[in-house]
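The values are calculated or read from the model by the stated rules, or taken from the named source; none is laboratory data. For clarity, every value in this text was computed on a predicted model and none was experimentally measured. Here the Cβ positions follow ideal geometry from the backbone for every residue, glycine too, while neighbour counts run over all protein chains shown.
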Amino acid sequence: MAFKQLAFLAFGAFFAILTAFPAVAEPYRIVGFGDSLMAGYGLGPGEGFPEKLQAALQKKGHDVVITNAGVSGDTSSGGLSRLDWSVPDGTQLVILELGANDMLRGIAPEVTEQNLDKMLDRLKERGMAVLLVGMVAAPNLGPDYADAFNSIFPRLAEKYSVQLYPFFLDGVAADRQFLLEDGMHPNAAGIDRMVERLLPTVEKLLAAKADDS
């Protein structure tokens, strides 16, 4: 009997010690889901957009972890096919950036919109916040294509009530000092500019999440 009482008291003391310390908060988990612009095409380790955004947020005191789920060459169809296994359970925010390769290949804008719509619907079902990152059609594709393509992103953002960042390459596109030699992908300085411009939008989403919790 004495042994059982001693064991019970020891267990109670151990439990009291555990509960005396506050639980360690988990970092806010973000996935950057996109194509080569997200993956960091032509850049070195740690120079991609998700990595630099994570560093910028952490520098400002945000406890975040950002996973790079970018795949070079990915279209909206490819993204849709890999969405479920590329975005793990527990993800709280997805930065969704796809459509550039659809545009470059001349894929019908309605196909791109259908794919993005399905992705947004799935992420909503999983309870994940989304920052939808838009793209702008190249001028050589003509005004009709541009109008149809460019309108995809604001329309879907409104439909799903998600935050929209209109143009991922804002301040970088067509500026050679921020681009690789191919004239399409951002160099390290370009990524820095993209992070700087998109950072306030991400912080706004983090603040909104904190207010909800």
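Taking the conditions exactly as written (of a type outside the set (D, E, K, R), at pLDDT below 95 and exposed (fewer than 14 other Cβ atoms within 10 Å of the Cβ)), does Pro143 satisfy them or not? Judged against the criteria, Pro143 is not a match. Residue pairs whose Cβ atoms lie under 6 Å apart, separated by 6 or more positions or on different chains, with the first residue in the range 182-203 and touching a residue at least 60 places away in the same chain (Cβ under 8 Å) and the second part of a helix (DSSP H, G or I) and basic (Lys, Arg), are Ile191/Lys52; Val195/Lys52. Among the residues of the range 46-70, those that are in contact (Cβ under 8 Å) with a residue 40 or more places away in the chain and either farther than 16 Å from Ile30 by Cα or out of contact with any strand residue (DSSP E or B) (no Cβ under 8 Å at 6 or more places or on another chain) (or both) comprise Glu47, Lys52, Ala56, Lys60. Against the criterion of being at pLDDT 95 or above, among the β-branched types (Val, Ile, Thr) and more than 16 Å from Leu53 (Cβ to Cβ), Val136 qualifies. In the range 171-198, the residue that is nearest to Lys59 (Cα to Cα) out of those that are buried (at least 17 other Cβ atoms within 10 Å of the Cβ) and under 15 Å from the mean Cα position of the chain (by Cα) is Val195.
Taking the range 86-100 as the range and being part of a helix (DSSP H, G or I) and buried (at least 22 other Cβ atoms within 10 Å of the Cβ) as the test, only Ala100 passes. Residues in the range 107-119 that are closer than 27 Å to Ala207 by Cα and either in a loop (DSSP other than H, G, I, E, B) or aliphatic (A, V, I, L, M) (or both): Leu116, Met119. Of all residues in the range 35-45, those satisfying the criterion of being in contact with a Phe, Trp or Tyr (Cβ under 8 Å, 6 or more places away or on another chain) and either part of a loop (DSSP other than H, G, I, E, B) or in contact (Cβ under 8 Å) with a residue 60 or more places away in the chain (or both) are Leu37, Gly40. Out of curiosity, is Met103 touching a strand residue (DSSP E or B) at 6+ places or on another chain (Cβ under 7 Å), within 25 Å of Phe49 (Cα to Cα) and either part of a helix (DSSP H, G or I) or among the hydroxyl-bearing types (Ser, Thr, Tyr) (or both)? Taking the combined requirement at face value, the residue does not satisfy it.
Table: residues versus (1) under 29 Å from Glu47 (Cβ atoms); (2) in contact with a Lys or Arg (Cβ under 9 Å, 6 or more places away or on another chain); (3) outside any helix (DSSP H, G or I).
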residue: Asp121; (1), (2), (3): no, no, no
residue: Ala146; (1), (2), (3): no, no, no
residue: Leu156; (1), (2), (3): no, no, no
residue: Glu181; (1), (2), (3): yes, no, yes
residue: Ala189; (1), (2), (3): yes, no, no
residue: Asp192; (1), (2), (3): yes, yes, no
residue: Arg197; (1), (2), (3): yes, no, no
residue: Lys204; (1), (2), (3): yes, no, no
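With the condition kept exactly as written, say whether any residue in the range 129-139 is assigned to a helix (DSSP H, G or I), surrounded by fewer than 15 Cβ atoms within 10 Å (Cβ to Cβ) and of a type outside the set (Gly, Ala, Ser). The answer is yes, given that some residue of the range 129-139 is assigned to a helix (DSSP H, G or I), surrounded by fewer than 15 Cβ atoms within 10 Å (Cβ to Cβ) and of a type outside the set (Gly, Ala, Ser). Which of the following residues is among the aromatic types (Phe, Trp, Tyr), over 23 Å from Glu125 (Cβ atoms) and modelled with pLDDT of 95 or more: Phe49, Phe33? It is Phe49.
Looking across the range 71-85, the residues that are in contact with a strand residue (DSSP E or B) (Cβ under 9 Å, 6 or more places away or on another chain) and either at pLDDT below 95 or part of a helix (DSSP H, G or I) (or both) come down to Gly79, Arg82, Leu83.
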